[in-house]
Every structure is written in structure tokens, then in C-alpha cells.
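The values are calculated or read from the model by the stated rules, or taken from the named source; none is laboratory data. Small disclaimer: the values here were computed from a predicted structure and weren't measured. In this analysis, Cβ positions are derived from the backbone assuming ideal geometry, glycine residues included, and neighbour counts consider all displayed protein chains.
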Amino acid sequence: MAKVGRKVGYAERRANPLARFLNVLEGKAFAWVLLIPSLSLVSLFIVYPLFRGIRLSLSELELLKGPDAKFIGLENFKTLLADPQVGNAAKNTLIYTGVGLVTQIALGMAAALLLSRESKFIWAARIAVMLPWFMPPVVTAYMWRFMLDAQYGIVTILVSHIGIDIGGQGIWANPDKALYGVLFVELWRSYPFFTLFILAGIQGIPAELRESTAIDGASSFQHFRYVMLPLLKPVLFVSTILEAIKLINSPTLVLLMTEGGPGDSTMVVPLLAFKKAYQAFDFGYASAISVAVLIGISGFAMVYIRSVGFGKEK
Amino acid sequence: MAVTGKSRFALSTISINVGVALLIGFATLPLIWTAYTSIRPELEIIKHPTGLMFGNLGFDAYREVWRYTDFPHLLGNSVVVSLMTMVMSLTLGTFAGYALSRANFGGKQGILLFYMLVRVIPGVLLLIPIYILMQKLNLLDTRFGLALAYTTFTLPAAIWLMKGFFDALPVDLENAARIDGCSRMGAMWRIVLPLVRPGMAATGTLVAIEAWNDVLFALMITSTNEARTWPVGMKLLIGEFQLPWAQLTATAMMSVIPVLIAFGLAGRKMVAGLTAGGLKE
């Protein structure tokens, strides 16, 4: 871009002062003028709050006791490590993230393979399959709570006809099953994310590759296992890490479906932090829990990147 | 995938079609059932939960929600907040996306990475400081405050998407315009923006849907009907009154229809943009 010389047209020179000012800016300066508004907004509402949040995690601030934050060092984190509620929530978050990822990747991959063959109306099918991903979580949550209702839920009734008995108390009142109920709904709304990425990855693989492996006598499964899967590795890597972060971070679906109950059986870490802030107004402790989540995610990401060896092979 | 039919383990066309049909059913049947429930009489829903009777269907539940609750007002709030978010996020995202796509300067990779990383930060960690910040700025419980928060959180995605759409346009077009005497600003305004309009529509729709759907920040930042958006309203309605099923599903349908329309109009381009942006890194 810098190679092209600056030639200002007559019309431009006569234009308003703002345009004249912007025309003076070239190259780097022009880029920075365009970038500064977004950078400052993100700094104000994300970067500054991030540091403020970290500072809060080292302070005692309970709105019910008073508006002033008192610095207490790592006290909150000591409490946190000994808190059985946190331990329980961490266990649930691990299950939620692990089971969530495995089920979503499996269904997402199957759906992407099914949707990858080109035909006339395949785009309509692709859009329909993506729909749950764009649905408001509130609607998704209450819709499924209704359909899995112990008495009136159509899914509860239909699966009982094929011999799966959810039990008289239903899935939401059962401490052993409620988390898996939420995980099922999470699968419904989130697997299209993997389908989207994997499908794009498949479309980037040249079709001729299949022709040549077919000539070599490879079965479809062998082609998938030894040709497609390695080629899809980068896509799977990126989408897995993004979805893992979302599953660890977001309390939304659990908040809406069970609020952590019955008991604490579906309590996940971000929901615990949210409740400490929103219901107990214990801002210091809630921040400490969130910072612990952030540390956990960073650790997970580093181990994951190392173990996959991403970036080394290329 | 042209020759899948020939090999031994290949799936036949029929089984692929059945699989695709199952996927479509899995995605859409819950919504169809919700829509059907919303027009059934409450008594029917309780007496025959699985009944398919098309006798006395009607929009009574919609009328009741519309007349006797604040829901219409909350939907209005959501429309305003979503539109504000869309305009702000799209404007800033287009500027930044253009700069990151076209200009070469030190720190460009750093900025791109920065916009990736900010998405990793747990929303719950930011909630409290943002609440305190909004209080100081007198933006608590205002629609503009909510829109500012949503703009910030949708910006990284908007920037990445717009950068992708700009990357897809040849630079030669602008160079030609500039040789003909167009300024840098003029080249962007007159040549590039009209070409990238479909991408802007897709990005804007995505951003608006995010603002429309959010419940977490709205729950924290709003406290009265002044700025409260529909997801909060729906959560409170259900919590307080144990809504009858017909009204609950009617409320759900009313709030999901705008999403369906937007998705129907821009879905194809949105899906294309999302994968293109995600795959490049």
C-alpha cells in the first residue's frame, strides 16, 4: 500500500474539514485512527475491568457490609481452596466440560460428514442444522425444561414408551441426572458449532484426494481415518479450544435450567461465582473464584497446546 | 466426496438422506412443538400432553401475555438495545477490520491476538467491575449502558469477521481508485464499503442476535423495567408466577421470531463468514 503515492483529488480537497483531516493521514496513522475507537472501548470495558477484577479478588468487598474494598492479599484464595462448595463445583465443571466436548465433537463430526456432500438444497439443510446455535439461551432452556418435564414433557413421555424411564420425579429433580439433562440441552444447542467448523474444513479438502485413495483401494473409513482426520486436525484444535473455554466460562444454561440444583448437584464454578456476586453480594470472593477460573483456563490451554504440539509441525 | 458410492464401506445416498433428515428434525422439532403448544388451550396441554388435536387452536396465550404483562415493553427495550449495539459494533468493527486487513504496521499481529484473547476472560469476572464502572458513569439500568457493554463484547468477533470479508476483496481495486486521485478515505468509502455490504449485513445480524439473546449482563446491569430486556423479563415471569405452559411457550415464540427472521435472511452469509474467519488462524 505504501508504494502508491498520495494524490488528492479536487473534490476531496474541497470536502469538509473532517474528510480533509483524514486525507492527510496516510499509512500507519490512518490505520491507527481507525483502530483507536475500538481499542479504547475494549480497554475501558474489558481490560480495565479485568485488572479491577484481579484487584478485587485480593480484597474483601461485601456490599452488605459496606461499600469499601479492603486489601487482604491471598486470603480469598485460601478460603477458596478449603471451600467444599468450590471443590464440588470444580468437579461438576470438569464433568460438564469433558462430557460436553466429547459428545459435541462426536455429533458435530457425524453431522459435518452427512452434510458435506454437495446437492441442490444442501445449504437449506445446513442452515436448519445451525439454527439451535443462534437460539436465545432463555428460550432453549425453558423449551427443554418443558419438553423434559416429569409430567407433561413430550420427551419424557415418548422415551418412556421405548422403555427409558426417567422416573417419577423427572430429570430436573434428580440429583444424579440433572447435570446430564443440562448436558443434553448443551449438546443440542452447541454441537452445530463443531459442525460449522468441521464442514468448512472438509470443504477445504480437494475432492480428488478421495478419487486417488479409492484407486489405491482405501475404504471410506480408511480414507476418513488416514486422510481426512489428519487434515482436519487444525480445525478440530481451534474449535475444541474455543468450545472448551465457553463450557468452562459460561454459567448461562445451568443458571436458567437448574440454578445449580437440586442441592448443589449441577453447581458449576462460574455459576457459583455469579451467585456469590448476584445473590450474596460478596464481590471479593466472587472475583477470586473467577480469577481461579481464568488461571484454570490458561493452564488448560497451555497444557493442551503443548500436548497437541500445535504450531511445531508446521 | 464424488466417488463415495463406489467403495465398500460407503454410505448409500438413502442413508445419508435419512441422516440429514434426522439432523434437521433434531434441530427443528423442539421449536415446532413449542410453537404448537403455544396455540393449544392450557387444559389440553395438561390433559393430553402428547395429543395432536387441531380443533380449538388459537392465539389466546399471546393475547394474554401481550395485554397483561410488561413483555411488549421489554421486547421494545431489546429492539432498541440490539439496534444500538448493531450500529456501534458494526461501525467500529468495520473501521478496525479494514485497518487490520489493509494496513501493514508493527503490532498488527499483536492486536489480532489481543482480540482473540479477550474472549477467553470469564464474563463473570468482568461482571462485577463493569457493574461498578457503570454505576460511576451513571449508566446503570440504562439501555445505552447495556448497548455499550454488548458492543464491547461483540467487537472482537465483529472485527475478525469484517477483516475476513475485507481480506476477500482484491486490493487492486483500491489501488486503481487511488491512482485515479481518490483519497484513502474516499477509496474505502466509495469502492470498498459498497462491495463488502453483504458481509456487513451478516456481521450486523450476528451482533444484533447476540445482544438480543444475552441474559447474564442484562440481569446484572438492569434493575427496573426502564432498561430491562426480554430475557430477564422471561426469567422473572417464570420465577415469580410459574407461568402456564401455553403462555410460557407463547412468550418464547414472540421473542424467537425476530431471530428466526434475521437468521433466515442472513444465515447463509453469516455461516460462511464465521467459518472463513475461524479457519484462517
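Within the stretch A:29-81, the set of residues being away from chain B (no Cβ under 12 Å), surrounded by 18 or more Cβ atoms within 10 Å (Cβ to Cβ) and in a loop (DSSP other than H, G, I, E, B) comprises just one member, A:L58. All but one of (1) assigned to a helix (DSSP H, G or I); (2) touching a residue at least 24 places away in the same chain (Cβ under 8 Å) hold for A:G263; which doesn't? Condition (1) is where A:G263 drops out. Determine whether A:S265 is surrounded by fewer than 24 Cβ atoms within 10 Å (Cβ to Cβ), over 30 Å from A:K70 (Cα atoms), modelled with pLDDT of 90 or more and polar (S, T, N, Q). In short, yes. If you go through the stretch B:180-221 and keep only what is more than 8 Å from chain A (Cβ to nearest Cβ), charged (D, E, K, R) and either in contact with a helix residue (DSSP H, G or I) (Cβ under 7 Å, 6 or more places away or on another chain) or touching a residue at least 12 places away in the same chain (Cβ under 8 Å) (or both), you end up with B:R190, B:E210, B:D214. Within the stretch B:27-56, restricting attention to residues that are at pLDDT 90 or above and facing another protein chain (nearest Cβ under 7 Å), which residue is surrounded by the fewest Cβ atoms within 10 Å (Cβ to Cβ)? Looking at the filtered set, the residue picked out is B:T28.
Going through (1) under 23 Å from A:Y191 (Cβ atoms); (2) surrounded by fewer than 18 Cβ atoms within 10 Å (Cβ to Cβ) one by one, A:A244 falls short only on (2). Scanning the stretch B:179-229 for residues that are among the charged types (D, E, K, R), in contact with a Ser or Thr (Cβ under 9 Å, 6 or more places away or on another chain) and modelled with pLDDT under 90 yields a single hit, B:E226. Considering (1) more than 8 Å from chain B (Cβ to nearest Cβ); (2) surrounded by fewer than 15 Cβ atoms within 10 Å (Cβ to Cβ), the lone condition that A:G204 does not fulfil carries the number (1).
Considering each residue of the stretch A:47-63 in turn, at least one proves to be within 25 Å of the chain's Cα centre (by Cα), charged (D, E, K, R) and outside the structural domain of A:L179 (by TED's automatic domain parsing).
If you go through the stretch B:140-168 and pick out every residue that is of a type in the set (F, W, Y) and closer than 21 Å to B:L74 by Cβ, you end up with 3. Out of A:I154, A:I171, A:I166, I need the residue that is β-branched (V, I, T), without any contact (Cβ under 8 Å) to a residue 60 or more places away in the chain and facing chain B (nearest Cβ under 7 Å). Which one? After ruling out the rest, the residue left standing is A:I154. Just one of the listed residues (B:F59, B:F95, B:F105) is among the aromatic types (F, W, Y), closer than 29 Å to B:I209 by Cα and within 12 Å of chain A (Cβ to nearest Cβ), and it is B:F95. With respect to A:T93, is the statement that it is surrounded by 19 or more Cβ atoms within 10 Å (Cβ to Cβ), in a helix (DSSP H, G or I) and more than 9 Å from chain B (Cβ to nearest Cβ) true? In short, yes.
Within the stretch B:244-276, being of a type outside the set (S, T, Y), at the interface with another protein chain (Cβ under 7 Å from one of its Cβ atoms) and over 23 Å from A:A200 (Cβ atoms) holds for B:W245, B:L248, B:A252, B:V256.
Check whether at least one residue in the stretch A:305-313 is surrounded by fewer than 16 Cβ atoms within 10 Å (Cβ to Cβ), touching a helix residue (DSSP H, G or I) at 6+ places or on another chain (Cβ under 6 Å) and either of a type in the set (A, V, I, L, M, F, W, C) or away from chain B (no Cβ under 11 Å) (or both), and report yes or no. Yes, the stretch A:305-313 has at least one match. On inspection, A:P132 qualifies as modelled with pLDDT of 90 or more and facing chain B (nearest Cβ under 8 Å). Is it true that B:S89 is farther than 30 Å from B:A187 by Cβ and of a type in the set (S, T, N, Q)? So B:S89 does not fit the description; no.
When residues of the stretch A:157-200 are filtered for being within 19 Å of the chain's Cα centre (by Cα) and of a type outside the set (S, T, Y), how many remain? Count: 18.
For B:T205, state whether it is part of a helix (DSSP H, G or I) and within 30 Å of B:P49 (Cα to Cα). Against the criterion (part of a helix (DSSP H, G or I) and within 30 Å of B:P49 (Cα to Cα)), B:T205 does not qualify.
Could you tell me which residue of the stretch A:273-283 is surrounded by the most Cβ atoms within 10 Å (Cβ to Cβ), considering only residues that are closer than 13 Å to B:L125 by Cβ and at the interface with chain B (Cβ under 9 Å from one of its Cβ atoms)? Among those residues, the one meeting the criterion is A:A273. Pairs meeting the criteria (first residue in the stretch A:219-243 and assigned to a helix (DSSP H, G or I) and among the aliphatic types (A, V, I, L, M), second residue surrounded by fewer than 18 Cβ atoms within 10 Å (Cβ to Cβ) and modelled with pLDDT of 90 or more, beta carbons under 7 Å, at least 6 apart or on different chains) are lacking. The stretch A:103-215 holds helices (runs of 4 or more DSSP H) entirely within its bounds, and those carrying 3 or more residues that are among the charged types (D, E, K, R) and assigned by TED's automatic domain parsing to the domain that holds A:M267 map to A:208-215.
Set side by side, the residues B:V79, B:V87, B:V118, B:V124 differ, and just one is under 27 Å from the mean Cα position of the chain (by Cα) and under 17 Å from B:R228 (Cα atoms), which is B:V79. The single residue among B:P156, B:P72, B:P129 that is at the interface with chain A (Cβ under 9 Å from one of its Cβ atoms) and within 22 Å of the chain's Cα centre (by Cα) turns out to be B:P156. Does A:A141 qualify as being within 23 Å of B:N17 (Cβ to Cβ) and either at the interface with chain B (Cβ under 7 Å from one of its Cβ atoms) or crowded, with 18+ Cβ neighbours inside 10 Å (or both)? For A:A141, the condition - within 23 Å of B:N17 (Cβ to Cβ) and either at the interface with chain B (Cβ under 7 Å from one of its Cβ atoms) or crowded, with 18+ Cβ neighbours inside 10 Å (or both) - is not met. Tell me, please, whether a residue that is modelled with pLDDT under 85 and facing another protein chain (nearest Cβ under 10 Å) can be found in the stretch B:162-174. Looking through the stretch B:162-174, at least one residue is modelled with pLDDT under 85 and facing another protein chain (nearest Cβ under 10 Å).
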